[in-house]
There are 2 protein chains.
Amino acid sequence: MLVPALYLFPVPLDNDAPVGRSLPPFNLEPLREIRHFVVEDIRSARRFLKKCDRDIDIDRIEFAVLDEHTAPEDVAPLLRPLEEGNPMGVISEAGCPAVADPGADLVAVAQRKGLKVVPLVGPSSILLALMGSGFNGQSFAFNGYLPIRQPQRGAKLKEMERRIVRERQTQIFIETPYRNNRLIAELTASLPGDRLLCVASDLTGEKERIKTLPLSRWKQEKLDFDKIPAIFLLF
Amino acid sequence: MLVPALYLFPVPLDNDAPVGRSLPPFNLEPLREIRHFVVEDIRSARRFLKKCDRDIDIDRIEFAVLDEHTAPEDVAPLLRPLEEGNPMGVISEAGCPAVADPGADLVAVAQRKGLKVVPLVGPSSILLALMGSGFNGQSFAFNGYLPIRQPQRGAKLKEMERRIVRERQTQIFIETPYRNNRLIAELTASLPGDRLLCVASDLTGEKERIKTLPLSRWKQEKLDFDKIPAIFLLF
């Protein structure tokens, strides 16, 4: 019998890879028993469950949606099955739930109610990129998306630059994939040429590439990351 | 045949748990083929390899040590086997190599030399704690150990508090386990009572506990974390 808790299930970053590429076998144990899932998207959650275990009986599973459209007051009621003693699962779109997705609000409510939360091991593009970058792993910050508009965007870049220099703090951020090349051009134009940029793309996939170079070299090489899922690190 | 690269192998956080608790089966494929490992401690690396695969022939493996005593000029030569075309592995003590251990220097040299780096998926106490905390996962910073002495320690706490309030940035840090209780007392004494503290201990282990409460409640409850491996988050 599974301990009633909110189990957080990471999802592979690469759809084409087998689940054993990035998930521990242990994760499948609670996955098989849980009947109540909170998911970002039902269709892809079903696909994920079937990929983990072909024999899973999807029709016995209840899905509730938590996404960016969910009103704050609708989050707490999602936990009712757990409050009634049933284990629950959270499945996000890719990577680790509650790190850069709406799951965090649900976990916050669970903590407030004193419910047990069990995060499971899985792939995080933030952590894999940090490991592969060679940058400072004793001090780092994940900044999510940079502000889109000026002057906020320029100010954010300046603040990150300041924290790299003064605090030796690695700065990690993401961009909408179709803007990747523009972002790299912007970084090479506005930061010192000896500042190191790491771009980590297609993590855990066949085309995985993790490249650290000074910005002066990025300027020369003009590598193409257009529409490729990537994460950016400066140090 | 394994692609020559520097493979970064995470190690379970909990020695007693089976490797399938926190490592994907995929990790064992490169692990079995590699003959050259850079490790923090040879004895525990051997134990880890044997635990992953009892049939692994340890005597065929060459270990080189990279720890906090390694001189900076001695790091680059460690990569010689890879430069000669042999895949290499990095094994740290627990968690993900190069995140809060000396492996990052080795990865930095590999990147400088244009050598391929492959980070593998595994447990990170930072990420598991963040997932389980319910705190903001869109913006967070890992600060390593807090400064031990005043006034640096007080200034660091004040700066973290400022970043929580102004930037909604989750602050993550660690402490030497025998000082855990003292740290919690210090936080409750010096930060606002409604500030949330999460303490995540024994992650992935039998006694795993992830607890988020306002500092005012931590003060009342006086939970004991003496000598227990824990990680701290404020939000």
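Taken together, the values in this text are just the output of simple stated rules run on the coordinates, not laboratory data. Predicted, not measured: the structure shown is a model, and the values here were computed from it. Note: ideal-geometry Cβ built from the backbone for every residue, glycine included; neighbour counts use all protein chains shown.
A compact table of results
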item	result
Burial ordering of B:Val117, B:Val3, fewest other beta-carbon atoms within 10 Å first	B:Val3, B:Val117
Relative contact order of chain A, pairs being alpha-carbon contacts under 8 Å that are 6 or more residues apart, as %	22
In range of the label at B:Arg168: residues from the range B:178-196 whose backbone nitrogen is under 12 Å from the point 7 Å along Cα→Cβ	none
Virtual spin-label span in nm between A:Glu84 and B:Arg153, 7 Å along Cα→Cβ	5.0
Exam field: B:Glu221 pseudo-label spacings to other copies (7 Å along Cα-Cβ), nanometres	4.8
Exposure proxy ranking, count of Cβ atoms within 10 Å, fewest first, for A:Tyr145, B:Tyr178	B:Tyr178, A:Tyr145
Nearest beta-carbon to the A/B symmetry axis - residue in chain A, distance in Å	A:Ala141, 2
Paramagnetic reach from B:Tyr145 (point 7 Å along Cα→Cβ, amide N under 17 Å) across the range B:180-222	B:180-184
Cβ-vector label at 7 Å, A:Ser190, separations to other copies in nm	3.4
Most mobile of A:Val38, A:Val165, A:Val11 in a GNM of chain A (Cα contacts under 10 Å)	A:Val165
Sites A:Glu206 and B:Arg209 - FRET efficiency at Förster radius 30 Å, r taken between beta-carbons, to 0.05	0.15
Ascending count of other beta-carbon atoms within 10 Å, so fewest first, for B:Arg47, A:Arg163, A:Arg60	A:Arg60, B:Arg47, A:Arg163
Test item: B:199-210 mean partner chain Cβ contacts at 10 Å	2
For B:Gly95, residues with placed amide H under 5 Å, excluding near neighbours	B:Val11, B:Leu13
Whole-Å distance, taken between Cα centres, linking the range A:26-102 and the range A:183-235	34
Per-copy distances of the A:Met1 label point, shortest first, in nm (7 angstrom along Cα→Cβ)	5.6
Net dipole in debye of the protein assembly as shown [+1 Lys, Arg Cβ; -1 Asp, Glu Cβ; about Cα centre; nearest 20]	1260
Distant-in-sequence amide H partners of A:Tyr145 (H built 1.01 Å from N, under 5 Å)	A:Ile174
Residue among A:Ile210, A:Ile148, A:Ile61 with the largest mean-square fluctuation in a Gaussian network model of chain A, springs linking Cα atoms under 10 Å	A:Ile148
